[in-house]
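Working notes, beginning with the structure itself.
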Amino acid sequence: MKTVTEALIEVSNKTQKKITYMDFARVLGCTKQYVSQIKNEELTPAQQEKIEKHYKVNLLNTPDLTDSIVLDYYPDMFGSCGNGVFELSPIKEQLIVPQKAFFTRFSPVKKYSVMNAYGNSMEPFIYDRDKLIIEHWEGEQIIDNRPYIFCYNNEIFIKRLVKNINQLVIVPENKLYDTIKLQGEELKDVHIIGQIVGLMRDLR
């Protein structure tokens, strides 16, 4: 069984929502204080079943390597994204990624890679040093409020995007950061790299 904290992280990742100990307390029918006290303890089978049914997720106990894929992992992210041309770092590794780490269904016809997250602008959804699964962008329409990795003014950002007519809204998850609206000529400097469709997180 997973611990309460491990389950909280996995449910947050799979639902792409900020799930708190208070939310778990409501689902389990207990107090927040009790959930905080047992946060490092394993869930009972009954507790895990309640959480799975409420959030409609499957909390697997261990990664199933028979249901995994191998992706290119770029620990240094991108070497350059200037002038709208993205150059992947020449340093890459092969990483085994369980398909349960995907938020969306894995597609064998799509191109994916794994990169590290840096900074705290997307906390508590994405944390510093999370390994992000990127579905490379091929010109598809932006899906509002989905997290994307993109280049703007030769810098790489990870934010939620909302596309309006002649305007792109850049939305951080962390309320300490401002929402930015780009329009007109500014849009020419925005280059989508891909959508974040999964992540892997070390418990630390």
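The values are calculated or read from the model by the stated rules, or taken from the named source; none is laboratory data. A quick note: this is a predicted structure, and the numbers were derived from the prediction, not measured. Heads up, the Cβs are rebuilt from the backbone with ideal geometry, glycines too, and the neighbour counts pull from every protein chain shown.
Assorted remarks:
- Test: residue in region 163-181 that is under 30 Å from Asp67 (Cβ atoms) and either in the same structural domain as Lys14 (by TED's automatic domain parsing) or not in a loop (DSSP other than H, G, I, E, B) (or both): no
- Whichever residue in region 156-187 is charged (D, E, K, R) and under 25 Å from Tyr112 (Cα atoms) and, among such residues, is surrounded by the fewest Cβ atoms within 10 Å (Cβ to Cβ): Lys163
- Pair list, Cβ < 6 Å and 6+ apart or interchain, from region 139-150 residues that are in a strand (DSSP E or B) to residues that are modelled with pLDDT of 90 or more and among the polar types (S, T, N, Q): Arg146/Gln195; Tyr148/Gln195
- Filtering region 50-87 to residues that are under 20 Å from Ala117 (Cα atoms), surrounded by fewer than 17 Cβ atoms within 10 Å (Cβ to Cβ) and modelled with pLDDT under 85 leaves Pro75, Asp76, Phe78, Gly79, Ser80, Gly82, Glu87.
- Here Arg129 does not qualify as out of contact with any Phe, Trp or Tyr (no Cβ under 7 Å at 6 or more places or on another chain), of a type in the set (Lys, Arg) and surrounded by 14 or more Cβ atoms within 10 Å (Cβ to Cβ).
- Condition check for Val11: more than 25 Å from Ile196 (Cβ to Cβ), surrounded by 13 or more Cβ atoms within 10 Å (Cβ to Cβ) and at pLDDT 85 or above: no
- Number of residues in region 108-167 that are within 22 Å of Gln94 (Cα to Cα) and in contact with a helix residue (DSSP H, G or I) (Cβ under 7 Å, 6 or more places away or on another chain) equals 1.
- Of the residues screened, Ile134 is one that is under 11 Å from the mean Cα position of the chain (by Cα), outside any loop (DSSP other than H, G, I, E, B), within 20 Å of Met200 (Cβ to Cβ) and not basic (Lys, Arg).
- So Ser121, is it polar (S, T, N, Q) and closer than 19 Å to Pro75 by Cα: no
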